[in-house]
Structures are given as C-alpha cells and as structure tokens.
Amino acid sequence: MTKQFVLALGLLATTFAEAQPIKAVQLDLARQIETVEFVKEFSRRVAAAGYNTIFFYIEDRIRTETYPWISPEESYTVTQVKEMVDEAISYGLDVIPVLSPFGHVDRFLRHHEMMKYAEIKDGTRGRFSDQPSMFCPEDPAVQAWVEKYITEVAALFPGENFHFGFDEMDDLGFCPRCRELKREVGLAGLHLRGIEWAHRLARKLGKRMWIWTDFFSFFPEDFAKLPRDVIVCVGSYCPDMDRNGIRNNFGGRERCDLAAFAHDLGLEVVTIPWYNVENIRAIRDYSAKNSVEGQLFTQWELYDEFHGWHFPRVLAVAELWGRETSVVNDTWINAGVKAAFPSADARLRGAVAAVLAEENFWFDPPVYSDCADRSYPRAKILAWRTLLDILRAAPSHPGVGEVPVHPLSEEGLLDDLATRVEMSILCAEARNMGGRLVFPDRTAAETHVVKRLVADGERRWNELVARRLAQWKAWRPGPLTQEIKSLHASYGEFARAIGAVPDQAQQTEWLLETEVLMTDVYGIPYWKVEGRFGDEWRELASGAWKPRVGDDPHLVKKHVLSLDEPPSTLRIVHHGYGAGFLNHVSMRNRSRRIVPVRVLATHGNVRDVECLTSDDYRPARFGDPDCTAAMLDPELAKQEASVELQMGNAKFVK
C-alpha cells in the first residue's frame, strides 16, 4: 500500500469525521518535546480509542528558515513535522496546530534576536510579572515576522483548521504603542484587533480560525464582534464546574455562560475539559445539554511530567464521550484504565483508577519557610502508600534499574505512575514533618525524630530523582528542563534547612502567623507585613498568600523570624487583583504571644478592621473584590490598602 494511498484514506476518513461531533485531544509538545515515534504512537492509540481530531500544541518547537535559532535537540524539522502529521492523518485524525501569534511566546523570547518584538522589555513590569511572554500585536515588524512563521507552519498541516490561541494575553497594553492605543479602544479593543489581524491571515492561508475564549471573560459582549466562521473553545479547569454554566478562571469567578452566548450569536463552540475527573464529567454533562460542535480534552504538561501520567485519562475520556447519557458512576474511568492496562488484574486496575481520581498527585517539593502553611491528612498519605504498594507489586512494574522502552506501554505507564505517586508521598510527609519545627514550643526529642526521618526521605528522594532522569534519557529527545534539574536539589535544600534548626527554640525565634481568607482562590492578593521598632519600620514578610485550588480557603501563613524584641506595631499592606481578607495576625516565641489590641490607623479601601482585634474568623477586607476592573486597568491593582495595629500580650492564649 503506497504512502499516497494511505494518506488519501486518512483524508477521506477525516472528511467523514467532520460530519461527526468533534472528539479531540491535545498533545502538548511545547513544554517538553517528544520523539517522533512517540507522537506517532500517541496518534495511533487515540485514534483507536475513538478520537477523530488531535491538536499539536507547539509554540516554538518547529525550526524553519524564519525561526532558525532554536537548537535541533529542542525542536522538530519541517521533515519531522510532515512525518508526524502524515502518520496521524493516516489514522483518520484531523490534525490541528495550536500556535498563538502574540501570546505564550516566552520560549521565542529566550533568543536575543526576538527580544525586540516583546510587549514588555527593559525591566518593565506587566500585570503579574516582569518576564516577557508576549509579542507586541500592533508592531508592523512583529506582524511581518509572525505572518512568515505561521505561513511556514501552516503549510505543514494540510487540514483546513488552525488554532490561533489568544489566551492568557496578560501583558497586553503595556508597550508604548499599545498603551496609547488602549486609551482609544480599551483592552477589549486591543484584543479584538489582534484577533481580526489573525483572522485575515487565516483567510489568506485558507484556514479556519480557532481560539481560546478565557480572555473574553473580561468583556463577553465582544463575542458579538467576532467573525462568525471562528470556532471558539470554551471551558473551565475548575473542579467546581457545574451544569449552570462555566465560571471564569479569573475575574472574580463570575458565572458567564459563554458557550450558550456564543451559540446564540451563531458561533460554533467546542468545550474544553482538563485532567480533573469531576471537571471532565461536569463539562461532558454541560456539553450534552448545549448545542456544541464537540469537545477538546486538553493536556497541559508540566515541565517535570511525562504524558504517561495523563494517558489513561485520555483513554477514559474517549470512553465517556462515547456514551449517550450522563454517567454518574466510574465505569468510564475503569474502561479507560482497562484500555491502558489490558493485562492488569482487577486490583491493579482499581488502584490506577484511584490514582487518576486523586487530584493532589503533583510534585510539591517541600520548602522549610512555607512547609507549615499546608499539611496533608495522615489518612490520605496512608491510602496513597497502599496504592503505591499495589502499583509496585504488579507483574508489569519494571525491576530496579530497568526503564521500559516505550513510555506508553503498560510497563512505561506503570513506571511513570508509581514514581510520581511515591514522590508525591515523600513531599507530603516532608511538609508535615518540617511544618512541626517552625513552632517555638517544639521539643528536642521531636526535633531529633524529624531530622532523622527527613534524612531518610532525602535518600529515597535521590533514588527517585535518579529514576526520573533515567526515564527522561530513555523517553525524551530534548535536554533536561530546569525543573527536572532542580528536583534533585529541592529536597536537599529542605533537608539542610531542617538540619540547621536548633533542637529547641531560642527567645529570639519568633513565629509570625497571618491568617488570611481567600473567597476567590483565583485572585492574586499581594500582602506585606511591616513591624515598627522604635522609629524604624522594617519589612517582616511579603508575598502572594493564598491557598491552592481545592484547599481550605482559610490559610495561616507562617514566617520564622529572628528578633531581639517584637515590634510594638504591625502594618499590614495589601494590593493586587481582587480583595484580600484578613482574620487575624499574631506573633509568638517560646514564652510569649502578642496580638493586635488596638487599631491605630487605616489607609485606602479597608473595611471591618475592628475584627482584627478579635481572634476569630470574622475578617477585615482589604481592597476591591472586582478582579475584572483591575485587569482592565492595572493601575487599580497597585492601589494599596493598609492598617496599623498596636500589639500587646494575648489575654487568654499563652
């Protein structure tokens, strides 16, 4: 059978699939490059599972004449891309590239030849960072370069569709040219101008434009201004997604039913779940009751992950989408696990399904300075260890020193899952142990036990990192990412910090505890605590303090300080995106605890400050809760709200 005939069959199948609901999966090749053989095998497996579309998320991974600066080991050649695309087409998949023309270009901007195109440069700070991640969309030189590069990339994908991204354009409107234009058309106008430019390019290339829609949550009325042939991808990554509509990931979490709104305007809609099981199920049900063209299961690979961690979910999602009615049980998860591990027994499949349903298996390397801020329930860690024992005992689990040849084989998937679960367990246990030592009332016996257990944990951690490096060498073509390189050092730094903790706290060791409440975990509150020592104010602690998604919204942020005497007054300062809520603040050493006894002064938008003199859950509010307003006008995010508190001895709690 000739290659041309196989491609013709693939294109015929793709044409037939266009009449069916879109069942798409995304392969993230930007965060970590994969081998050509891996991409081919991934395409074959997802097509066999029932997907009819695959998205290659690429950013700067394709080396062309226009973009020659990326190294060969970090990129694909034109020939390699054609090979991967042709293979996917031969399986009946529509292959769609995802390449944003202006946003998510931080990898391009690593090269000094590209920095002249950045939206922020020369130390300018954007909304959230001073690290450039956008091209200026209004610069003619940028537009000329982007058009050349996208034209080269588009020629490698024979299908009619091209995804232009347009998500997370956080620094839009900061360069002098865009800042001036924003005064005239607003942030919404700037965003729409970029989309219109890309739409003209898509039409010129004979492509149909796709976009993400998260930025429209700040100005949903601009949906009405989109060209009607644009396909919009609407979704949420939140586990609390429900059938009443999709909440924004930012901007105050407003419920805005963008899918229904877009459909009423005549736009075609594709919904986009993520890896969270409850999110996948909820968006499936939401999609079933709305008129959508299909769904796109997005995988966003972190820099220290392999695709094997997500692959059983990919197969499970295909099972879920193949069912006509809502699924309230876990049969679809079990079916996906069985497809990934066909030779596994019921016990192993059950363990893998439990791992997939658990949201917290991510690398959370412990840091002594914040390990007491979040703890893991002991019952959960014990359950994780039971799952790990089942994974390790499976016949298909590779032996010591062995790394499976292919990461998507049963052995490869199991090796990836087991390694990740054990690293997560070590991180959780380290946080729980280290967190106890920040308290000034610790005992010498307790300190000795923790130091011994942390030393044992470091030894095992180093063995697992060596395993990770061996997996990388066997499965990945590119150089090690900084995140993988730093894995080894992370636990070691924590262990050294624990080793330096005195057996018993000295009188000069003080613990600052700031109790914050985060009603919108997707906001960005910046806090600063200053202390007054005589006539001098000194910063004691600062940062963006908030719980993680899914954690308790009440967070006690702890900081260990070395002070001869505590401050007489504390000043709490807040600014950022969305309001910040503060329940209480206190300081203690091994023999004394001081708390606010009187409000001395306030500045800016502060409410209910009298609550701070009571050690309960009644919060004082700092700033404006309207994240959207601050997003549209970043100057609002710089406005500070503060309170000065006279400190005195606690009356009832020693």
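Among the listed residues I70, I96, I89, which satisfies the condition of being touching a Leu at 6+ places or on another chain (Cβ under 7 Å) and surrounded by 16 or more Cβ atoms within 10 Å (Cβ to Cβ)?
On the way: I70 fails: touching a Leu at 6+ places or on another chain (Cβ under 7 Å); I96 fails: touching a Leu at 6+ places or on another chain (Cβ under 7 Å).
Answer to the selection: I89.
Filtered by the rule that a residue be surrounded by fewer than 20 Cβ atoms within 10 Å (Cβ to Cβ) and outside any strand (DSSP E or B), region 571-606 gives N589, R590, S591, R592, G604, N605.
Can you find a residue in region 535-546 that is modelled with pLDDT under 95 and open to solvent by less than 50 Å² (accessible area, probe 1.4 Å)? Yes, region 535-546 has at least one match.
The set of residues in region 46-96 that are within 18 Å of Q32 (Cα to Cα), in contact with a strand residue (DSSP E or B) (Cβ under 9 Å, 6 or more places away or on another chain) and part of a loop (DSSP other than H, G, I, E, B) comprises I58, E59, R61, R63, I70, S75, T77.
S43 satisfies every condition listed in (1) in contact (Cβ under 8 Å) with a residue 40 or more places away in the chain; (2) part of a loop (DSSP other than H, G, I, E, B) except (2).
Could you say whether any residue in region 426-442 is surrounded by fewer than 18 Cβ atoms within 10 Å (Cβ to Cβ), more than 30 Å from R592 (Cβ to Cβ), out of contact with any Cys (no Cβ under 9 Å at 6 or more places or on another chain) and free of Cβ contacts under 8 Å to residues at least 60 places away in the same chain? Within region 426-442, not a single residue is surrounded by fewer than 18 Cβ atoms within 10 Å (Cβ to Cβ), more than 30 Å from R592 (Cβ to Cβ), out of contact with any Cys (no Cβ under 9 Å at 6 or more places or on another chain) and free of Cβ contacts under 8 Å to residues at least 60 places away in the same chain.
Being of a type outside the set (D, E) and either surrounded by fewer than 20 Cβ atoms within 10 Å (Cβ to Cβ) or within 26 Å of the chain's Cα centre (by Cα) (or both) is the filter here; which residues of region 73-86 pass it?
Filtering region 73-86 for residues of a type outside the set (D, E) gives 75-82, 84-85.
Listed by number, the residues that qualify are S75, Y76, T77, V78, T79, Q80, K82.
Right, R442: part of a helix (DSSP H, G or I) and either more than 19 Å from R349 (Cα to Cα) or in contact with a helix residue (DSSP H, G or I) (Cβ under 7 Å, 6 or more places away or on another chain) (or both) or not? So R442 fails the test.
Taken as a whole, the condition of being without any contact (Cβ under 8 Å) to a residue 60 or more places away in the chain and under 18 Å from Q32 (Cβ atoms) does not apply to L408. Step by step: first the residues of region 82-104, then only those that are β-branched (V, I, T) and out of contact with any helix residue (DSSP H, G or I) (no Cβ under 8 Å at 6 or more places or on another chain), then the one that is farthest from L205 (Cα to Cα). Which residue is that? Here the residue is V85.
For the residues R452, R431, R459, the requirement of being among the charged types (D, E, K, R) and either in a loop (DSSP other than H, G, I, E, B) or within 25 Å of P404 (Cα to Cα) (or both) singles out R459. Scanning region 130-156 for residues that are touching an Asp or Glu at 6+ places or on another chain (Cβ under 8 Å) and surrounded by fewer than 21 Cβ atoms within 10 Å (Cβ to Cβ) yields Q131, E152. Residues of region 624-654 that are part of a loop (DSSP other than H, G, I, E, B) and either over 31 Å from the mean Cα position of the chain (by Cα) or touching a residue at least 24 places away in the same chain (Cβ under 8 Å) (or both): D624, P625, D626, Q639, E640, A650, K651, F652, V653, K654. Is one or more of the residues making up region 493-515 more than 14 Å from V438 (Cβ to Cβ), without any contact (Cβ under 8 Å) to a residue 40 or more places away in the chain and open to solvent by less than 30 Å² (accessible area, probe 1.4 Å)? Within region 493-515, none of the residues are more than 14 Å from V438 (Cβ to Cβ), without any contact (Cβ under 8 Å) to a residue 40 or more places away in the chain and open to solvent by less than 30 Å² (accessible area, probe 1.4 Å).
Table: residues versus (1) within 18 Å of A650 (Cβ to Cβ); (2) under 23 Å from the mean Cα position of the chain (by Cα).
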site: E536; (1), (2): no, no
site: L555; (1), (2): no, yes
site: K558; (1), (2): yes, no
site: E565; (1), (2): yes, no
site: V573; (1), (2): no, no
site: G578; (1), (2): no, yes
site: H584; (1), (2): yes, no
site: S591; (1), (2): yes, no
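Only residues that are surrounded by 20 or more Cβ atoms within 10 Å (Cβ to Cβ) and at negative phi: list them for region 612-643, please. Listed by number, the residues that qualify are L612, P619, A620, R621, F622, C627, A630, M631, A637, A641, V643.
Find the residue count for region 320-335, including only residues that are out of contact with any strand residue (DSSP E or B) (no Cβ under 9 Å at 6 or more places or on another chain) and either modelled with pLDDT of 95 or more or of a type in the set (A, V, I, L, M, F, W, C) (or both). Qualifying residue count, region 320-335: 6.
The values are calculated or read from the model by the stated rules, or taken from the named source; none is laboratory data. The shown structure was predicted, so the numbers you read here are calculated from the model rather than taken from an experiment. Positions of Cβ are generated from backbone atoms using ideal geometry, with glycine treated the same way; all protein chains shown enter the neighbour counts. Accessible surface is based on the protein model in full, side chains and every heavy atom, while ligands, DNA and RNA are left aside. Shrake-Rupley method; radii C 1.70, N 1.55, O 1.52, S 1.80 Å.
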